[in-house]
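Q: Below is one structure. I have some questions about it.
The values are calculated or read from the model by the stated rules, or taken from the named source; none is laboratory data. Please read all numbers here as calculations on a predicted model, not as lab measurements. Virtual Cβ from ideal backbone geometry, glycine too; neighbours counted across all protein chains shown. Protein only, heavy atoms only, side chains kept; ligands, DNA and RNA dropped before computing areas. Shrake-Rupley method; radii C 1.70, N 1.55, O 1.52, S 1.80 Å.
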Amino acid sequence: MSGTFVGMPAFPRAAREAVRDTTLRGNLRHATHTIRDKRARAVAELDDWAALREAGKQIKDHTLRHLDRYLVQVEEAVTAAGGTVHWAADADEANEIVARLVEETGESEVVKVKSMATQEIALNEALQARGIHAYETDLAELIVQLGNDRPSHILVPAIHRNRGEIRDIFRSEMSGWGRPAPENLTDTPAELAEAARLHLREKFLRAKVGISGANFVVAETGTLVVVESEGNGRMCLTLPETLISVVGIEKIVPRWQDLEVFLQTLPRSSTAERMNPYTSMWTGTTDEDGPRTFHLVLLDNGRTDTLADEVGRQALRCIRCSACLNVCPVYERAGGHAYGSVYPGPIGAILSPQLRGTGSEIDASLPYASSLCGACYEVCPVAIDIPEVLVHLRERVVQGGPAVRGGNRVVLKPAKGHAAERAAMRAAQWAFTHPGALRTGQRLASRTRRLHPRTLPGPGRAWSGTRDLPAVPAEPFRDWWQRTHGGRDGAK
């Protein structure tokens, strides 16, 4: 399992394979429709949902504008509470810090709370290379790990698996990771959950080191917050002697009071619950309760580069609710693996190309993994205008231009394979600035419409291969207006 999905093909090829898998499409259709319908009902219960959404947007934007100040405040507050703060510029640095901290404890096993940041940097693989075994404790993450699979959804990483597949994975793989699955295990949810509980309980009780992420970090107090639904997070955050939290720098909120907004919007947008079943908060260490040693690793890994983009930076508002995935017609049919990232769906299509750049084939294709229908923006609890960022990134892929990579201002070259698109856009620009030529071209297209092919030749096949060419009308609008209105503004 690789957090960065190195070597993935471009989205169109990966999606083409995915849509042929009828079992996958059935699993996704059932799961996403169920989640989004429940979410819609939960959100409808709040009369002030629009105000909460706007408040979340404003809090996040304010934090991002003053992130330098709040990062320093977090370090001071965590240190004053007995924790230690580490700064990681990229994935390699973060992995090295975590591996060294684990080795210093003398342990060779860790238990993990579900954490997309650690998946992003491929921490499990880095620890394995140092002889350290990392055990996922979230039920869906456990399924993914036992199946030597990759997560395909932000909220439900094993959404692409049905109950029968999960039963088979437990039966064949659990014994190699610890306590085996019970004999005669069926695919009923209660039995599958009990098998996972028994398997994980021995790891919770044995582990001396826990690794987590965080949904939020409160700058004024240095408090970290994890929200989850199973109780595994509570076990990982309280039982180990050492706790290491890897957190993206965008997860900061300024004040404790700000949690009021997000602890209303996040549960309803993700699990369609009025409040989260398990909300764990910790501030440094104490002698009487919880881990005796706490380390916070603040992760950049492309976030400050993203912050430098005035249009794209709104992706850093994301609170990882997954609402955009559940309404996206593209995700529903292609699934999460086609995105080649631990961040799938619409948010992944704008976040991954900014964190990783658009130099690879998969990242250059992600801004096109959308119909631009806008459903993702409508459900986003922090009002990220995902279609706006998608169009912005498409322009970057085709045209290149100035950007920030690795903290340095650079000029990106256009991605390969878009020469015909650039030529077409230059031709359109010329036509739109020469009204006479545009009028002549429209009339010619109308008079020859019966000769037009249904698909485009040459490079145009990439566009018309999945859609029909629009029919050309019998006459241009300008001619129709002149004929029916005589060129006057008002009708006769």
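Q: Across segment 425-448, what is the number of residues that are of a type in the set (A, V, I, L, M) and either within 30 Å of A308 (Cα to Cα) or touching a residue at least 12 places away in the same chain (Cβ under 8 Å) (or both)? Before you say what the answer is, go through the steps one by one.
A: At the first step, the residues of segment 425-448 found to be of a type in the set (A, V, I, L, M) are 425, 427-428, 431, 437-438, 444-445.
Going one step further and asking which of them are either within 30 Å of A308 (Cα to Cα) or touching a residue at least 12 places away in the same chain (Cβ under 8 Å) (or both), we end up with 425, 445.
Residues in segment 425-448 being of a type in the set (A, V, I, L, M) and either within 30 Å of A308 (Cα to Cα) or touching a residue at least 12 places away in the same chain (Cβ under 8 Å) (or both): 2 in total.
Q: Limited to segment 360-412, what total is found for residues that are among the polar types (S, T, N, Q), free of Cβ contacts under 8 Å to residues at least 40 places away in the same chain and either touching a Lys or Arg at 6+ places or on another chain (Cβ under 8 Å) or surrounded by 18 or more Cβ atoms within 10 Å (Cβ to Cβ) (or both)? It would help to see each step written out before you state the result.
A: As a first pass, look at segment 360-412 and keep what is among the polar types (S, T, N, Q): 360, 365, 370-371, 399, 408.
Still in the list and also free of Cβ contacts under 8 Å to residues at least 40 places away in the same chain: 360, 399, 408.
From what is left, the residues that are either touching a Lys or Arg at 6+ places or on another chain (Cβ under 8 Å) or surrounded by 18 or more Cβ atoms within 10 Å (Cβ to Cβ) (or both) are 360, 399.
Counting residues in segment 360-412 that are among the polar types (S, T, N, Q), free of Cβ contacts under 8 Å to residues at least 40 places away in the same chain and either touching a Lys or Arg at 6+ places or on another chain (Cβ under 8 Å) or surrounded by 18 or more Cβ atoms within 10 Å (Cβ to Cβ) (or both) gives 2.
Q: Hey, another quick one. Considering only segment 62-92, how many residues are under 22 Å from L355 (Cβ atoms) and hydrophobic (A, V, I, L, M, F, W, C)?
A: Final tally of qualifying residues: 9.
Q: A further question on this structure: For segment 188-268, give me every one of the strands (runs of 3 or more DSSP E) that falls completely inside it and has 1 or more residues that are open to solvent by 10 Å² or more (accessible area, probe 1.4 Å), more than 19 Å from H86 (Cα to Cα) and touching a Leu at 6+ places or on another chain (Cβ under 8 Å).
A: Details: elements: 209-212, 216-218, 223-228, 242-248.
Those strands (runs of 3 or more DSSP E) span 223-228.
Q: With respect to R25, determine if the residue is closer than 28 Å to G336 by Cα and free of Cβ contacts under 8 Å to residues at least 40 places away in the same chain.
A: On the way: closer than 28 Å to G336 by Cα: yes; free of Cβ contacts under 8 Å to residues at least 40 places away in the same chain: no.
Answer is no for this residue.
Q: Right, here's the next one. Mind checking whether some residue in segment 370-378 is among the polar types (S, T, N, Q) and more than 25 Å from the chain's Cα centre (by Cα)? If you could, list the steps in order and put the result at the bottom.
A: Of the residues in segment 370-378, the ones among the polar types (S, T, N, Q) are 370-371.
Now narrow it down to the ones that are more than 25 Å from the chain's Cα centre (by Cα): none.
No: zero hits.
Q: Is there any pair with a first residue in segment 454-471 that is basic (K, R) and a second that is open to solvent by less than 100 Å² (accessible area, probe 1.4 Å) whose Cβ atoms are under 8 Å apart and which are 6 or more apart or on different chains, and what are they?
A: Listed by first residue and then by second, the contacts come to R454/S464; R454/L469; R461/T455.
Q: If only one of E93, E54 is open to solvent by 70 Å² or more (accessible area, probe 1.4 Å) and touching a residue at least 12 places away in the same chain (Cβ under 8 Å), which one is it? Talk me through it step by step, then tell me what you get.
A: On the way: E93 fails: touching a residue at least 12 places away in the same chain (Cβ under 8 Å).
The unique qualifying residue is E54.
Q: If you go through segment 38-51, how many residues are without any contact (Cβ under 8 Å) to a residue 12 or more places away in the chain and open to solvent by 80 Å² or more (accessible area, probe 1.4 Å)?
A: Of the residues in that region, 1 qualify.
Q: Does E273 count as open to solvent by 20 Å² or more (accessible area, probe 1.4 Å), under 26 Å from S152 (Cα atoms), not in a helix (DSSP H, G or I) and not aliphatic (A, V, I, L, M)?
A: On the way: open to solvent by 20 Å² or more (accessible area, probe 1.4 Å): yes; under 26 Å from S152 (Cα atoms): yes; not in a helix (DSSP H, G or I): yes; not aliphatic (A, V, I, L, M): yes.
Spelling it out, E273 is indeed open to solvent by 20 Å² or more (accessible area, probe 1.4 Å), under 26 Å from S152 (Cα atoms), not in a helix (DSSP H, G or I) and not aliphatic (A, V, I, L, M).
Q: Here's a follow-up. Would you confirm whether any residue within segment 60-74 is assigned to a helix (DSSP H, G or I), basic (K, R), more than 30 Å from L146 (Cα to Cα) and without any contact (Cβ under 8 Å) to a residue 60 or more places away in the chain?
A: Start the filter on segment 60-74 by keeping residues that are assigned to a helix (DSSP H, G or I), which leaves 60-65, 67-74.
Checking which are basic (K, R) leaves us with 60, 65, 69.
Right, trim to more than 30 Å from L146 (Cα to Cα) and you get 60, 65, 69.
With without any contact (Cβ under 8 Å) to a residue 60 or more places away in the chain added as a condition, the list becomes 65, 69.
Within segment 60-74 (the criterion being assigned to a helix (DSSP H, G or I), basic (K, R), more than 30 Å from L146 (Cα to Cα) and without any contact (Cβ under 8 Å) to a residue 60 or more places away in the chain), the answer is yes, since at least one residue qualifies.
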